[in-house]
1. For Tyr295, Tyr304, write out the residues from largest to smallest accessible area, computed with a 1.4 angstrom probe and no ligands counted.
2. With a Cα-only, solvent-free Debye model of the stretch 185-311, what are the log10 I(q)/I(0) values at q = 0.14, 0.19, 0.20 Å⁻¹?
3. Once phi is turned into ³J(HN,Hα) by the Karplus curve 6.51 cos²θ - 1.76 cosθ + 1.60 with θ = phi - 60°, what whole-Hz value does each residue of the stretch 350-367 show in order, with x for glycine and proline?
4. What are the ³J(HN,Hα) couplings of the stretch 98-105, residue after residue, when phi is run through the Karplus curve with 6.51, -1.76, 1.60 and θ = phi - 60°? Round to Hz, x for glycine and proline.
5. May I ask for the net charge around Asn129, where only other residues with Cβ less than 11 Å from the Cβ of Asn129 are counted and Lys, Arg are +1 while Asp, Glu are -1?
6. Can you work out the FRET efficiency for the pair Asp138 and Gln348, with r the C-beta to C-beta distance and R0 = 60 Å, to the nearest 0.05?
7. Just by accessible area at a 1.4 angstrom probe, what is the order of His178, His33, His360, His115 from largest to smallest?
8. Can you compute 3J(HN,Hα) from phi for each residue in the stretch 150-157, using the Karplus curve 6.51 cos²θ - 1.76 cosθ + 1.60 with θ = phi - 60°, rounded to whole Hz and x for Gly and Pro?
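The values are calculated or read from the model by the stated rules, or taken from the named source; none is laboratory data. As the structure is a computational prediction, the values presented were derived from the model and not from experiment. In this analysis, Cβ positions are derived from the backbone assuming ideal geometry, glycine residues included, and neighbour counts consider all displayed protein chains. Surface areas here come from the heavy atoms of the whole protein model, side chains and all, with no ligands, DNA or RNA. Shrake-Rupley method; radii C 1.70, N 1.55, O 1.52, S 1.80 Å.
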Amino acid sequence: SDAICSFVICNDSSLRSQPIIFNPDFFVEKLRHEKPEVFTELVVSNITRLIDLPGAELAQLMGEEDPKLPGANSTASGFFRSLMSLKRKEKGVVFGSPLTEEGIAQVSQLIEYLHKNLRAEGLFRVPGNSIRQQILKDALNSGTDIDLDSGEFHSNDVATLLKMFLGELPEPLLTHKHFHAHLKIADLTLFDEKGNKTSTPDKERQIEALQLLFLILPAPNRSLLKLLLDLLYQTAKKQDKNKMSAHNLALMFAPHILWPRNVTANDLQENITKLNNGVTFMIKHSQKLFKAPAYIRECARLHYLGSRAHTSKDDLDLLTSPGSKELQPLKSQKRSRLDTCHQEETQQRTEEALKELFRHVHNMPDSAKKKKLIRQFNKHPAALTPGSDVPTSPAPRRTRSRSFSGLIKRKVLGTPVILERKSRDATPEPERVSKENVHLLQKCGSPAHMSQAKLKSLEGRKEESCRRMRAHLLSKDSSSL
């Protein structure tokens, strides 16, 4: 898990221009290594959605029960079965031992050599020299360096030795636990308009099921299977030279990849055709089988982003269904979050640029151009002065005061005659009370709605106050004179 999450900062300038490789299955592999139980449950729930596995076969796939394989209950011990079991008792470091990274590294030398020699006619069918094969086998078991390009070995020697390595594994490359699941995948066929099964294979569902099954293979088995199927795929592409089609290659490798150990063709009976056709299908579509389905990648990503995790493809489809109005599509939510962050970042950069530009204009020498630029800044709503972060809105204009104190000030400042004439000609509006008067009356405990008599007395008190103020001012002016 540490190797998956680590990255290297390259200081070599010659490599910085190289394209960055993005692994779309990053979260899938992270979930597989860090939380294998959650990962297995996620994958198996989607496998059972595609194929029908009874309770016993599902328990075998999950490893909860020992797999029940063809020929396991047979009491007959034929020559072939005894011979195969005796050969597997002779275990070496690489041959006859369970799969390890060291063993895969040794065998990958054979696969790399065969990629360069795919034109040999009858490759994987024509046996090589037994003496050269034994020399090569001992070298691989001992871990010594082998120069396969020296010309000492033939491509048929290497091809036969690769099949021998697969045949001596304790269990087939696809493991015993997956045997019944692969039989069910071969039965996946299309349905007609009436919902009845047809004889036409459903290739899309078969590919999807194989992708899921390969995800829960042990890591060494999956690594070697990928190398092997890619080699067989490239071999079948050159069948005009080597005369080995995908079906011919499947006949050579099905016993090592898929058949249970210590069984014969008679033990498999009618299933042998399904198994051979299944391996043929894997070879033809090998370039698609090691990619996790899109919904598995999405579920793994959601698991690490802290969002709501979904356990099957149906759950993800439910989010995008037209009848669901409460649940928003995951992609649109992500896009909206990214758009919001992008808009906020863009707005912040714009404001900083405007501040910097305003500082530059402010430091310019006084000129007509500077005044013109400042006027344009003042017109712009987002223009900011260097010392302020938030533009201040202009102060609202004060409305004309109609309060009692305002009336006294206007009379005192030299317009008493005009104001008296206006007050004499104007019709009284007893119900209109100034804000200060209402506030004053509320302080005194008067109700908000006053009677007409109280309003008249209030107006009289106002007039009396005005007369007293005028008399005081006149007396003050005469004494000064």
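1. Tyr304, Tyr295
2. -0.76, -1.15, -1.21
3. Whole-Hz 3J(HN,Hα) from phi for the stretch 350-367: 5, 5, 5, 5, 5, 4, 5, 5, 5, 4, 5, 5, 5, 7, 5, x, 4, 7.
4. Going residue by residue, I get x, 5, 9, 5, 5, x, 5, 5 Hz, with x marking Gly and Pro.
5. Once positives and negatives cancel, what remains is -1.
6. 0.30
7. His360, His33, His115, His178
8. These are the phi-based 3J(HN,Hα) values: 6, x, 6, 10, 9, 4, 5, 4 Hz.
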